[in-house]
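Some notes on the structure that comes next.
Every number in this text was worked out from the coordinates using simple rules, so none of it is lab data. Bear in mind the structure is a predicted one, so any value in this text is a computation, not a measurement. Neighbour counts are summed over all protein chains in view; Cβ atoms, including those assigned to glycine, are modelled from backbone coordinates with ideal geometry.
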Amino acid sequence: MSSPHLAISIDHATCIGSGNCVANAPGVFEQDDDGLPHVIDAGAQLRELIEFAVLSCPVRAISINDL
């Protein structure tokens, strides 16, 4: 049985703060005052949305794995 959550990793050293992840998955990511994204919901039911956000990152700073 799969986990109800995904492990989302964000490489903040690589991230350029474009905001694509927040724009494409606003219920999953939010940006802090420095423009860096943080995960607010990693529910597996959002997998398709999360995968789209991963692909939209211009520097590939986001990755996902099943827990």
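Mind listing the phi-derived Karplus ³J(HN,Hα) values for segment 9-20, rounded to whole Hz, using 6.51, -1.76 and 1.60 with θ = phi - 60°, and x for any glycine or proline? Whole-Hz 3J(HN,Hα) from phi for segment 9-20: 10, 10, 8, 5, 6, 8, 4, 10, x, 5, x, 4. The angle separating the long axis of helix 47-56 from the principal Cα axis of greatest extent in the chain is about 30 degrees. Here the simple spin-label model places points 7 Å from the Cα toward Cβ, and for residue 13 and residue 38 these points are separated by 2.1 nm. Hey, if you drop one equal point scatterer on each alpha-carbon of the chain and run the Debye formula without solvent, what base-10 log of I(q)/I(0) do you get at q = 0.12, 0.21 Å⁻¹? Debye curve over Cα of the chain, log10 I(q)/I(0) at q = 0.12, 0.21 Å⁻¹: -0.25, -0.76.
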